[in-house]
Amino acid sequence: MQELKIYNSLTNKKEVFIPLQEGHVGMYVCGPTVYSNVHLGNVRTFISFDLIYRYLLHLGYKVRYVRNITDAGHLTDDNAEDKISTKARLEKLEPMEIVQKYTVDFHQILQKFNLLSPSIEPTATGHILEQIETINTIIDNGLAYEINGSVYFDVLKYNEKENYGILSKRKIEDAIENTRVLDGQSDKKNPQDFSLWKKAGPEHIQRWNSPWSIGFPGWHLECTVMSTKYLGEQFDIHGGGMDLKFPHHECEIAQSQACNHVTPVKYWMHGNMLTMNGKKMSKSTGNSILPNEIFTGDNEHITKGFSASVARFFMLQAHYRSILDFSNDAILASEKGYNRLMEAIGLLPKLTTSNNSTFDVQAWKQNCYDAMNDDFNSPVLIAHLFEAVKVINLIKDGKESLTKVDMKGFNDALNGFIFDILGLEKTESGNNNSNQLFGVVEMLIEMRNQARADKDWTLSDKIRDELLALGIQLKDGKEGTSFSVN
Ligand code: AMP
Ligand code: ZN
(Lines give C-alpha, C1' and ligand atoms only; values in the text may rest on other atoms or scores of the structure.)
(Ligands and ions follow the chains in the order given, each with its own letter.)
Protein backbone atom coordinates (compact mmCIF):
# COMPACT_ATOMS: atom_id res chain seq x y z
CA MET A 1 0.00 0.00 0.00
CA GLN A 2 1.06 3.59 -0.65
CA GLU A 3 2.34 5.64 2.30
CA LEU A 4 -0.16 8.39 2.94
CA LYS A 5 0.65 11.58 4.79
CA ILE A 6 -2.04 13.69 6.41
CA TYR A 7 -1.71 17.20 7.79
CA ASN A 8 -2.86 16.94 11.38
CA SER A 9 -4.32 20.20 12.72
CA LEU A 10 -3.63 18.96 16.25
CA THR A 11 0.15 18.89 15.75
CA ASN A 12 0.27 21.28 12.78
CA LYS A 13 2.43 18.74 10.96
CA LYS A 14 2.13 16.30 8.11
CA GLU A 15 2.17 12.83 9.61
CA VAL A 16 2.26 9.34 8.15
CA PHE A 17 -1.24 7.95 8.37
CA ILE A 18 -1.40 4.86 10.57
CA PRO A 19 -4.97 3.85 11.41
CA LEU A 20 -5.78 2.62 14.90
CA GLN A 21 -6.92 -0.69 13.46
CA GLU A 22 -5.01 -1.94 10.45
CA GLY A 23 -6.97 -1.74 7.22
CA HIS A 24 -9.86 0.16 8.83
CA VAL A 25 -10.57 3.87 9.08
CA GLY A 26 -13.11 5.63 11.27
CA MET A 27 -13.89 9.13 10.02
CA TYR A 28 -16.31 11.69 11.44
CA VAL A 29 -17.19 14.92 9.63
CA CYS A 30 -19.45 17.62 11.04
CA GLY A 31 -22.51 17.85 8.84
CA PRO A 32 -24.83 20.75 8.11
CA THR A 33 -27.26 22.54 10.36
CA VAL A 34 -30.43 21.96 8.39
CA TYR A 35 -32.23 25.27 8.74
CA SER A 36 -31.46 26.74 5.31
CA ASN A 37 -30.18 25.75 1.87
CA VAL A 38 -26.51 24.85 1.73
CA HIS A 39 -24.38 27.38 -0.13
CA LEU A 40 -21.39 26.68 -2.33
CA GLY A 41 -19.01 27.21 0.61
CA ASN A 42 -20.64 24.40 2.62
CA VAL A 43 -20.50 22.23 -0.48
CA ARG A 44 -16.75 22.86 -0.78
CA THR A 45 -16.10 21.40 2.67
CA PHE A 46 -18.19 18.31 1.92
CA ILE A 47 -16.44 17.85 -1.44
CA SER A 48 -13.06 18.08 0.31
CA PHE A 49 -14.01 15.22 2.62
CA ASP A 50 -15.60 13.28 -0.23
CA LEU A 51 -12.22 13.38 -1.99
CA ILE A 52 -10.56 12.13 1.19
CA TYR A 53 -13.17 9.38 1.63
CA ARG A 54 -12.85 8.30 -2.00
CA TYR A 55 -9.06 8.15 -1.81
CA LEU A 56 -9.08 6.11 1.40
CA LEU A 57 -11.50 3.68 -0.26
CA HIS A 58 -9.31 3.60 -3.37
CA LEU A 59 -6.32 2.65 -1.21
CA GLY A 60 -8.32 -0.34 -0.01
CA TYR A 61 -9.28 0.80 3.49
CA LYS A 62 -12.59 -0.25 4.95
CA VAL A 63 -13.91 3.15 5.94
CA ARG A 64 -16.76 3.89 8.32
CA TYR A 65 -17.65 7.45 7.43
CA VAL A 66 -20.03 9.18 9.84
CA ARG A 67 -21.42 12.60 8.92
CA ASN A 68 -24.12 13.99 11.16
CA ILE A 69 -27.14 16.16 10.57
CA THR A 70 -27.51 18.94 13.13
CA ASP A 71 -31.26 19.15 13.56
CA ALA A 72 -31.33 20.67 17.07
CA GLY A 73 -29.28 22.61 19.49
CA HIS A 74 -27.24 24.88 17.24
CA LEU A 75 -27.30 28.13 19.18
CA THR A 76 -27.03 31.37 17.30
CA ASP A 77 -24.40 33.72 18.67
CA ASP A 78 -26.44 36.55 19.99
CA ASN A 79 -29.54 35.12 21.59
CA ALA A 80 -28.73 31.54 22.53
CA GLU A 81 -31.59 30.40 20.37
CA ASP A 82 -31.78 27.25 18.41
CA LYS A 83 -31.42 28.10 14.69
CA ILE A 84 -34.02 25.53 13.76
CA SER A 85 -36.56 26.74 16.32
CA THR A 86 -36.06 30.31 15.12
CA LYS A 87 -36.62 29.36 11.51
CA ALA A 88 -39.63 27.21 12.40
CA ARG A 89 -41.26 30.13 14.20
CA LEU A 90 -40.53 32.46 11.28
CA GLU A 91 -41.88 30.07 8.67
CA LYS A 92 -44.76 28.90 10.90
CA LEU A 93 -43.72 25.29 10.45
CA GLU A 94 -42.96 22.42 12.79
CA PRO A 95 -39.21 22.26 13.49
CA MET A 96 -39.20 18.80 11.97
CA GLU A 97 -40.71 20.21 8.77
CA ILE A 98 -37.79 22.62 8.53
CA VAL A 99 -35.39 19.77 9.21
CA GLN A 100 -36.99 17.55 6.58
CA LYS A 101 -37.10 20.27 3.94
CA TYR A 102 -33.44 21.21 4.23
CA THR A 103 -32.18 17.67 4.75
CA VAL A 104 -33.81 16.65 1.48
CA ASP A 105 -32.31 19.70 -0.20
CA PHE A 106 -28.87 18.89 1.22
CA HIS A 107 -29.01 15.32 -0.07
CA GLN A 108 -30.20 16.36 -3.50
CA ILE A 109 -27.46 18.94 -3.85
CA LEU A 110 -24.70 16.58 -2.74
CA GLN A 111 -25.96 13.97 -5.15
CA LYS A 112 -25.71 16.44 -8.00
CA PHE A 113 -22.08 17.04 -7.06
CA ASN A 114 -21.56 13.26 -7.10
CA LEU A 115 -20.68 12.89 -3.41
CA LEU A 116 -20.73 9.39 -1.99
CA SER A 117 -23.15 8.90 0.89
CA PRO A 118 -21.58 8.46 4.31
CA SER A 119 -21.85 5.06 6.00
CA ILE A 120 -23.96 6.51 8.82
CA GLU A 121 -25.77 9.85 8.94
CA PRO A 122 -27.00 10.24 12.53
CA THR A 123 -29.11 13.13 13.76
CA ALA A 124 -28.84 15.11 16.99
CA THR A 125 -32.54 14.67 17.80
CA GLY A 126 -32.14 10.91 17.42
CA HIS A 127 -29.52 10.89 20.19
CA ILE A 128 -31.02 12.97 23.01
CA LEU A 129 -30.87 10.08 25.49
CA GLU A 130 -27.20 9.44 24.79
CA GLN A 131 -26.50 13.14 25.18
CA ILE A 132 -28.20 13.20 28.57
CA GLU A 133 -26.13 10.17 29.62
CA THR A 134 -22.91 11.87 28.57
CA ILE A 135 -23.82 15.02 30.51
CA ASN A 136 -24.44 12.86 33.58
CA THR A 137 -21.01 11.29 33.22
CA ILE A 138 -19.32 14.67 32.88
CA ILE A 139 -21.18 15.95 35.97
CA ASP A 140 -20.16 12.78 37.88
CA ASN A 141 -16.57 13.39 36.82
CA GLY A 142 -16.82 16.84 38.38
CA LEU A 143 -16.39 18.81 35.17
CA ALA A 144 -19.89 20.17 34.64
CA TYR A 145 -22.38 21.94 36.91
CA GLU A 146 -26.07 22.70 36.87
CA ILE A 147 -27.52 26.15 37.46
CA ASN A 148 -31.22 27.01 37.03
CA GLY A 149 -31.95 23.97 34.89
CA SER A 150 -29.01 24.48 32.53
CA VAL A 151 -25.77 22.51 32.62
CA TYR A 152 -22.40 24.04 31.76
CA PHE A 153 -18.99 22.57 31.13
CA ASP A 154 -16.48 23.86 33.67
CA VAL A 155 -13.65 24.97 31.39
CA LEU A 156 -11.36 26.39 34.09
CA LYS A 157 -11.57 23.25 36.19
CA TYR A 158 -10.95 21.09 33.12
CA ASN A 159 -7.97 23.22 32.24
CA GLU A 160 -6.33 22.54 35.61
CA LYS A 161 -5.46 19.02 34.48
CA GLU A 162 -6.03 19.10 30.73
CA ASN A 163 -5.35 21.61 28.01
CA TYR A 164 -8.35 23.58 26.79
CA GLY A 165 -6.80 25.06 23.64
CA ILE A 166 -4.86 21.98 22.58
CA LEU A 167 -6.36 22.15 19.08
CA SER A 168 -6.99 25.83 18.47
CA LYS A 169 -3.76 26.80 20.28
CA ARG A 170 -5.69 29.53 22.05
CA LYS A 171 -4.84 30.57 25.53
CA ILE A 172 -7.71 30.30 27.93
CA GLU A 173 -7.72 34.10 28.41
CA ASP A 174 -8.19 34.57 24.63
CA ALA A 175 -11.03 32.10 24.72
CA ILE A 176 -12.91 34.53 26.96
CA GLU A 177 -12.51 37.30 24.44
CA ASN A 178 -14.02 35.14 21.76
CA THR A 179 -16.98 34.01 23.73
CA ARG A 180 -19.84 36.27 22.91
CA VAL A 181 -22.35 37.35 25.49
CA LEU A 182 -25.01 34.69 25.47
CA ASP A 183 -28.46 34.77 26.91
CA GLY A 184 -28.27 33.29 30.36
CA GLN A 185 -24.55 33.81 30.56
CA SER A 186 -24.92 35.33 33.99
CA ASP A 187 -25.71 31.79 35.13
CA LYS A 188 -22.29 30.57 34.21
CA LYS A 189 -19.44 30.48 36.66
CA ASN A 190 -17.03 31.69 33.97
CA PRO A 191 -17.61 33.20 30.55
CA GLN A 192 -15.65 30.48 28.72
CA ASP A 193 -17.89 27.73 30.06
CA PHE A 194 -20.14 26.32 27.37
CA SER A 195 -23.58 24.80 27.65
CA LEU A 196 -24.21 21.08 27.60
CA TRP A 197 -27.92 21.50 28.33
CA LYS A 198 -30.07 24.62 28.10
CA LYS A 199 -33.35 25.10 29.86
CA ALA A 200 -35.98 26.00 27.25
CA GLY A 201 -37.61 29.39 27.41
CA PRO A 202 -41.21 29.84 26.24
CA GLU A 203 -39.90 30.71 22.74
CA HIS A 204 -38.10 27.38 22.32
CA ILE A 205 -40.28 24.88 20.51
CA GLN A 206 -37.73 22.07 20.34
CA ARG A 207 -37.67 20.71 23.89
CA TRP A 208 -37.04 17.45 25.68
CA ASN A 209 -37.29 16.16 29.23
CA SER A 210 -34.08 15.80 31.19
CA PRO A 211 -33.01 15.45 34.83
CA TRP A 212 -32.31 19.21 34.92
CA SER A 213 -35.16 20.86 33.01
CA ILE A 214 -37.28 20.69 29.91
CA GLY A 215 -34.77 21.95 27.40
CA PHE A 216 -32.37 21.06 24.63
CA PRO A 217 -28.74 19.94 24.27
CA GLY A 218 -25.82 22.24 23.46
CA TRP A 219 -24.46 22.01 19.94
CA HIS A 220 -20.96 20.70 20.69
CA LEU A 221 -22.30 17.71 22.57
CA GLU A 222 -23.99 15.89 19.70
CA CYS A 223 -20.77 15.37 17.75
CA THR A 224 -18.97 13.96 20.78
CA VAL A 225 -21.86 11.62 21.50
CA MET A 226 -22.44 10.40 17.96
CA SER A 227 -18.78 9.99 17.04
CA THR A 228 -18.19 7.97 20.22
CA LYS A 229 -21.29 5.87 19.67
CA TYR A 230 -20.45 4.88 16.10
CA LEU A 231 -16.64 5.06 15.99
CA GLY A 232 -15.56 4.43 19.57
CA GLU A 233 -13.87 6.53 22.25
CA GLN A 234 -10.87 6.91 19.94
CA PHE A 235 -11.04 7.06 16.18
CA ASP A 236 -8.82 8.02 13.26
CA ILE A 237 -10.03 11.15 11.48
CA HIS A 238 -12.29 14.03 12.49
CA GLY A 239 -12.99 16.70 9.91
CA GLY A 240 -14.90 19.87 9.31
CA GLY A 241 -14.42 23.40 8.03
CA MET A 242 -11.66 25.56 9.52
CA ASP A 243 -14.29 27.76 11.18
CA LEU A 244 -15.33 24.84 13.39
CA LYS A 245 -11.90 24.42 15.00
CA PHE A 246 -12.86 26.81 17.76
CA PRO A 247 -15.00 26.57 19.74
CA HIS A 248 -16.78 23.51 18.31
CA HIS A 249 -13.92 21.03 17.95
CA GLU A 250 -12.04 22.33 20.96
CA CYS A 251 -15.18 21.69 23.02
CA GLU A 252 -15.59 18.23 21.49
CA ILE A 253 -12.10 17.28 22.66
CA ALA A 254 -12.82 18.62 26.16
CA GLN A 255 -16.13 16.74 26.42
CA SER A 256 -14.63 13.44 25.25
CA GLN A 257 -11.65 13.78 27.52
CA ALA A 258 -13.90 14.69 30.46
CA CYS A 259 -16.15 11.72 29.74
CA ASN A 260 -13.81 8.95 28.54
CA HIS A 261 -10.40 10.11 29.81
CA VAL A 262 -8.80 9.68 26.39
CA THR A 263 -8.08 12.02 23.53
CA PRO A 264 -10.76 11.16 20.99
CA VAL A 265 -9.15 11.78 17.61
CA LYS A 266 -5.81 10.83 16.07
CA TYR A 267 -5.88 13.10 13.00
CA TRP A 268 -7.85 16.35 13.00
CA MET A 269 -8.42 17.68 9.48
CA HIS A 270 -9.77 21.11 8.59
CA GLY A 271 -10.86 22.28 5.17
CA ASN A 272 -10.32 25.89 4.23
CA MET A 273 -13.00 28.36 3.25
CA LEU A 274 -14.52 29.26 -0.06
CA THR A 275 -14.47 33.02 -0.36
CA MET A 276 -15.99 35.47 -2.78
CA ASN A 277 -14.44 38.91 -3.25
CA GLY A 278 -11.97 37.89 -0.57
CA LYS A 279 -14.65 37.37 2.07
CA LYS A 280 -15.87 34.07 3.51
CA MET A 281 -18.90 32.78 1.68
CA SER A 282 -21.71 32.92 4.19
CA LYS A 283 -25.45 32.88 4.11
CA SER A 284 -25.91 35.48 6.83
CA THR A 285 -23.84 38.20 5.12
CA GLY A 286 -25.43 37.58 1.72
CA ASN A 287 -21.98 36.88 0.25
CA SER A 288 -22.98 33.52 -1.13
CA ILE A 289 -23.98 31.54 -4.20
CA LEU A 290 -26.41 28.67 -3.99
CA PRO A 291 -25.66 25.50 -5.93
CA ASN A 292 -28.84 25.88 -7.99
CA GLU A 293 -27.74 29.37 -9.01
CA ILE A 294 -24.47 27.89 -10.29
CA PHE A 295 -26.40 25.43 -12.44
CA THR A 296 -28.79 28.03 -13.90
CA GLY A 297 -26.41 31.00 -13.97
CA ASP A 298 -29.03 33.01 -12.11
CA ASN A 299 -26.73 35.01 -9.84
CA GLU A 300 -25.17 38.44 -10.34
CA HIS A 301 -21.67 37.06 -9.81
CA ILE A 302 -21.73 34.75 -12.84
CA THR A 303 -22.36 35.24 -16.54
CA LYS A 304 -23.68 31.74 -17.28
CA GLY A 305 -24.54 28.40 -15.70
CA PHE A 306 -22.02 25.66 -14.97
CA SER A 307 -22.46 21.93 -14.53
CA ALA A 308 -21.98 20.42 -11.08
CA SER A 309 -18.97 18.52 -12.38
CA VAL A 310 -17.32 21.73 -13.55
CA ALA A 311 -17.98 23.34 -10.17
CA ARG A 312 -16.55 20.27 -8.45
CA PHE A 313 -13.49 20.40 -10.70
CA PHE A 314 -13.09 24.11 -9.86
CA MET A 315 -13.01 23.25 -6.16
CA LEU A 316 -10.58 20.36 -6.58
CA GLN A 317 -8.14 22.59 -8.45
CA ALA A 318 -7.34 24.09 -5.04
CA HIS A 319 -5.85 22.10 -2.18
CA TYR A 320 -8.40 21.54 0.58
CA ARG A 321 -6.27 23.50 3.08
CA SER A 322 -5.96 26.58 0.84
CA ILE A 323 -8.45 29.38 0.66
CA LEU A 324 -10.28 29.34 -2.67
CA ASP A 325 -11.77 32.53 -4.05
CA PHE A 326 -14.78 32.12 -6.29
CA SER A 327 -15.05 34.30 -9.37
CA ASN A 328 -16.65 34.08 -12.79
CA ASP A 329 -13.25 34.14 -14.53
CA ALA A 330 -11.88 31.39 -12.32
CA ILE A 331 -14.77 29.01 -12.92
CA LEU A 332 -14.77 29.81 -16.66
CA ALA A 333 -11.10 28.79 -16.74
CA SER A 334 -11.97 25.59 -14.86
CA GLU A 335 -14.65 24.80 -17.39
CA LYS A 336 -12.14 25.06 -20.23
CA GLY A 337 -9.72 22.79 -18.40
CA TYR A 338 -12.46 20.32 -17.55
CA ASN A 339 -13.56 20.13 -21.20
CA ARG A 340 -9.97 19.55 -22.34
CA LEU A 341 -9.66 16.73 -19.84
CA MET A 342 -12.93 15.13 -20.93
CA GLU A 343 -12.06 15.45 -24.63
CA ALA A 344 -8.74 13.71 -24.01
CA ILE A 345 -10.44 10.92 -22.06
CA GLY A 346 -12.87 10.54 -24.96
CA LEU A 347 -9.95 10.18 -27.39
CA LEU A 348 -8.21 7.47 -25.37
CA PRO A 349 -10.10 4.43 -26.70
CA LYS A 350 -9.46 5.59 -30.25
CA LEU A 351 -5.67 5.77 -29.89
CA THR A 352 -3.52 3.22 -31.67
CA THR A 353 -0.80 1.29 -29.87
CA SER A 354 2.68 0.38 -31.06
CA ASN A 355 5.46 -2.06 -30.27
CA ASN A 356 7.30 0.11 -27.82
CA SER A 357 6.48 2.86 -25.37
CA THR A 358 8.20 6.22 -25.39
CA PHE A 359 6.24 7.50 -22.40
CA ASP A 360 6.83 6.04 -18.92
CA VAL A 361 3.30 5.27 -17.69
CA GLN A 362 4.50 3.77 -14.42
CA ALA A 363 6.48 6.85 -13.41
CA TRP A 364 3.60 9.14 -14.35
CA LYS A 365 1.17 7.05 -12.34
CA GLN A 366 3.44 7.13 -9.30
CA ASN A 367 3.61 10.94 -9.57
CA CYS A 368 -0.18 11.01 -9.40
CA TYR A 369 -0.17 8.80 -6.31
CA ASP A 370 2.61 10.86 -4.74
CA ALA A 371 0.42 13.95 -5.10
CA MET A 372 -2.54 12.31 -3.39
CA ASN A 373 -0.33 10.74 -0.74
CA ASP A 374 0.96 14.19 0.09
CA ASP A 375 -2.07 15.23 2.13
CA PHE A 376 -4.56 14.71 -0.73
CA ASN A 377 -2.97 17.26 -3.03
CA SER A 378 -5.60 17.37 -5.76
CA PRO A 379 -4.20 20.42 -7.64
CA VAL A 380 -0.87 18.65 -8.14
CA LEU A 381 -2.72 15.50 -9.21
CA ILE A 382 -4.68 17.59 -11.73
CA ALA A 383 -1.42 19.05 -13.08
CA HIS A 384 -0.27 15.47 -13.75
CA LEU A 385 -3.58 14.72 -15.42
CA PHE A 386 -2.94 17.61 -17.81
CA GLU A 387 0.44 16.07 -18.63
CA ALA A 388 -1.51 12.99 -19.61
CA VAL A 389 -3.75 15.15 -21.81
CA LYS A 390 -0.62 16.37 -23.60
CA VAL A 391 0.60 12.81 -24.05
CA ILE A 392 -2.77 11.71 -25.45
CA ASN A 393 -2.64 14.49 -28.03
CA LEU A 394 0.95 13.57 -28.95
CA ILE A 395 -0.01 9.91 -29.41
CA LYS A 396 -2.91 11.02 -31.58
CA ASP A 397 -0.45 12.99 -33.74
CA GLY A 398 1.95 10.04 -33.87
CA LYS A 399 4.60 11.83 -31.81
CA GLU A 400 4.45 9.49 -28.77
CA SER A 401 3.60 5.84 -28.57
CA LEU A 402 2.46 3.24 -26.05
CA THR A 403 2.38 -0.53 -26.15
CA LYS A 404 -0.96 -2.26 -25.73
CA VAL A 405 -0.18 -3.13 -22.11
CA ASP A 406 0.97 0.37 -21.24
CA MET A 407 -2.06 1.83 -22.97
CA LYS A 408 -4.34 -0.28 -20.80
CA GLY A 409 -2.47 0.77 -17.65
CA PHE A 410 -2.62 4.41 -18.73
CA ASN A 411 -6.34 4.20 -19.50
CA ASP A 412 -7.19 2.45 -16.22
CA ALA A 413 -5.14 4.85 -14.12
CA LEU A 414 -6.56 7.95 -15.82
CA ASN A 415 -10.12 6.74 -15.42
CA GLY A 416 -9.44 5.81 -11.81
CA PHE A 417 -8.02 9.22 -10.93
CA ILE A 418 -10.61 11.25 -12.82
CA PHE A 419 -13.81 9.38 -12.04
CA ASP A 420 -13.24 7.28 -8.90
CA ILE A 421 -10.94 9.56 -6.92
CA LEU A 422 -11.77 13.09 -8.10
CA GLY A 423 -15.38 12.02 -8.54
CA LEU A 424 -15.88 13.89 -11.81
CA GLU A 425 -18.64 12.73 -14.09
CA LYS A 426 -18.59 12.02 -17.78
CA THR A 427 -22.29 12.44 -18.21
CA GLU A 428 -22.48 16.09 -17.35
CA SER A 429 -19.80 17.36 -19.67
CA GLY A 430 -21.16 19.36 -22.55
CA ASN A 431 -19.27 17.18 -24.99
CA ASN A 432 -20.00 13.63 -23.91
CA ASN A 433 -23.55 12.59 -23.20
CA SER A 434 -25.11 15.52 -24.96
CA ASN A 435 -22.85 14.92 -27.96
CA GLN A 436 -23.99 11.34 -28.11
CA LEU A 437 -27.63 12.37 -27.82
CA PHE A 438 -27.09 14.94 -30.54
CA GLY A 439 -25.52 12.29 -32.79
CA VAL A 440 -28.33 9.80 -32.25
CA VAL A 441 -31.09 12.33 -32.93
CA GLU A 442 -29.29 13.58 -36.06
CA MET A 443 -29.12 9.98 -37.26
CA LEU A 444 -32.85 9.50 -36.67
CA ILE A 445 -33.59 12.74 -38.53
CA GLU A 446 -31.62 11.40 -41.51
CA MET A 447 -33.53 8.11 -41.38
CA ARG A 448 -36.80 10.05 -41.24
CA ASN A 449 -35.72 12.13 -44.26
CA GLN A 450 -35.00 8.92 -46.12
CA ALA A 451 -38.40 7.49 -45.11
CA ARG A 452 -40.10 10.65 -46.36
CA ALA A 453 -38.20 10.49 -49.63
CA ASP A 454 -39.37 6.87 -49.92
CA LYS A 455 -42.91 8.03 -49.05
CA ASP A 456 -42.84 5.67 -46.07
CA TRP A 457 -45.09 7.90 -43.98
CA THR A 458 -45.67 5.24 -41.35
CA LEU A 459 -41.98 5.10 -40.49
CA SER A 460 -41.42 8.85 -40.70
CA ASP A 461 -44.39 9.55 -38.38
CA LYS A 462 -43.26 6.81 -36.02
CA ILE A 463 -39.82 8.41 -35.67
CA ARG A 464 -41.32 11.85 -35.05
CA ASP A 465 -43.95 10.63 -32.55
CA GLU A 466 -41.68 8.38 -30.57
CA LEU A 467 -39.06 11.10 -30.25
CA LEU A 468 -41.79 13.45 -29.08
CA ALA A 469 -42.87 10.90 -26.47
CA LEU A 470 -39.29 11.03 -25.18
CA GLY A 471 -39.47 14.82 -24.97
CA ILE A 472 -37.53 15.50 -28.19
CA GLN A 473 -39.45 17.67 -30.62
CA LEU A 474 -38.56 17.80 -34.31
CA LYS A 475 -39.15 21.05 -36.18
CA ASP A 476 -39.25 21.03 -39.96
CA GLY A 477 -38.11 24.31 -41.48
CA LYS A 478 -36.62 25.75 -44.68
CA GLU A 479 -33.11 24.89 -43.49
CA GLY A 480 -34.06 21.28 -42.81
CA THR A 481 -35.12 19.62 -39.59
CA SER A 482 -33.93 20.81 -36.18
CA PHE A 483 -34.87 19.56 -32.74
CA SER A 484 -35.36 20.73 -29.18
CA VAL A 485 -35.16 18.75 -25.95
CA ASN A 486 -37.77 19.52 -23.31
P1 AMP B 1 -22.89 24.78 9.07
O2 AMP B 1 -24.16 24.23 8.50
O3 AMP B 1 -22.88 26.26 9.19
O4 AMP B 1 -22.51 24.10 10.38
O5 AMP B 1 -21.73 24.44 8.03
C6 AMP B 1 -21.53 23.16 7.48
C7 AMP B 1 -20.09 23.03 7.06
O8 AMP B 1 -19.75 23.98 6.05
C9 AMP B 1 -19.08 23.23 8.19
O10 AMP B 1 -18.07 22.23 8.12
C11 AMP B 1 -18.49 24.60 7.90
O12 AMP B 1 -17.17 24.70 8.36
C13 AMP B 1 -18.54 24.62 6.39
N14 AMP B 1 -18.52 25.98 5.81
C15 AMP B 1 -19.29 27.05 6.14
N16 AMP B 1 -18.98 28.14 5.37
C17 AMP B 1 -17.99 27.74 4.53
C18 AMP B 1 -17.23 28.37 3.48
N19 AMP B 1 -17.42 29.65 3.12
N20 AMP B 1 -16.28 27.64 2.84
C21 AMP B 1 -16.07 26.33 3.16
N22 AMP B 1 -16.76 25.68 4.13
C23 AMP B 1 -17.70 26.36 4.81
ZN1 ZN C 1 -19.58 18.75 14.89
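The values are calculated or read from the model by the stated rules, or taken from the named source; none is laboratory data. Predicted, not measured: the structure shown is a model, and the values here were computed from it. Positions of Cβ are backbone-derived with ideal geometry, glycine not excepted, and every protein chain shown enters the neighbour counts. Accessible surface is based on the protein model in full, side chains and every heavy atom, while ligands, DNA and RNA are left aside. Shrake-Rupley method; radii C 1.70, N 1.55, O 1.52, S 1.80 Å.
Computed values, structure above
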quantity: Protein accessible area in segment 275-421, 1.4 Å probe - carbon and sulfur %; calculated: 50 percent
quantity: Debye, to nearest 20: dipole size of the chain, +1 on Lys, Arg Cβ, -1 on Asp, Glu Cβ; calculated: 680 debye
quantity: Cα-based helix-to-principal-axis angle, 128-140 vs the chain, degrees rounded to 10; calculated: 40 degrees
quantity: By average C-beta atoms within 10 angstrom, highest first, the peptides 301-307, 364-370, 122-128; calculated: 122-128, 364-370, 301-307
quantity: Amide H contacts under 5 Å for Phe483, placed H, 5+ residues apart; calculated: Lys475
quantity: Qualifying aspartates and glutamates (Cα of each under 15 Å from Cα of Lys112; at least 8 residues distant if same chain); calculated: Asp50, Glu293, Glu425, Glu428
quantity: Solvent-accessible area per residue for segment 5-271 (1.4 angstrom probe, square angstrom); calculated: 40 Å²
quantity: Amide proton proximity set for Gly241, modelled H, under 5 Å, gap of 5+; calculated: Gly271
quantity: Apportionment of accessible area to carbon and sulfur, segment 431-485, percent (1.4 Å); calculated: 54 percent
quantity: Accessible area per residue, Å², segment 431-485 with all protein chains present, probe 1.4 Å; calculated: 72 Å²
quantity: Residue-level accessible surface for Glu293, protein heavy atoms, 1.4 Å, Å²; calculated: 50 Å²
quantity: Most to least packed among 386-394, 308-316 [average Cβ atoms within 10 Å]; calculated: 308-316, 386-394
quantity: Principal axis box of segment 5-271, alpha-carbon based, largest edge first, Å; calculated: 52, 46, 31
quantity: Helix axis angle, 328-347 relative to the chain longest principal axis, alpha carbon, degrees; calculated: 50 degrees
quantity: Ratio Rg/Rh, restricted to segment 431-485 and using Cα atoms, in which Rh is the Kirkwood radius; calculated: 0.97
quantity: Distance violations [Cα-Cα > 28 Å] among Lys188/Lys245; Lys229/Lys283; Lys280/Lys365; Lys304/Lys426; Lys304/Lys399; calculated: Lys229/Lys283; Lys280/Lys365; Lys304/Lys399
quantity: Between helix 433-453 and the chain: long-axis angle, C-alpha atoms, 0 to 90°, nearest 10; calculated: 30 degrees
quantity: Cβ crowding within 10 Å averaged over residues, with 199-207, 59-67 ranked highest first; calculated: 59-67, 199-207
quantity: Sorted largest first, extent of segment 1-78 alpha carbons per principal axis (Å); calculated: 46, 25, 23
quantity: Karplus (6.51, -1.76, 1.60) ³J(HN,Hα), θ = phi - 60°, over segment 105-122, in Hz, Gly and Pro reported as x; calculated: 4, 4, 5, 4, 5, 5, 5, 4, 7, 6, 7, 6, 6, x, 6, 9, 10, x
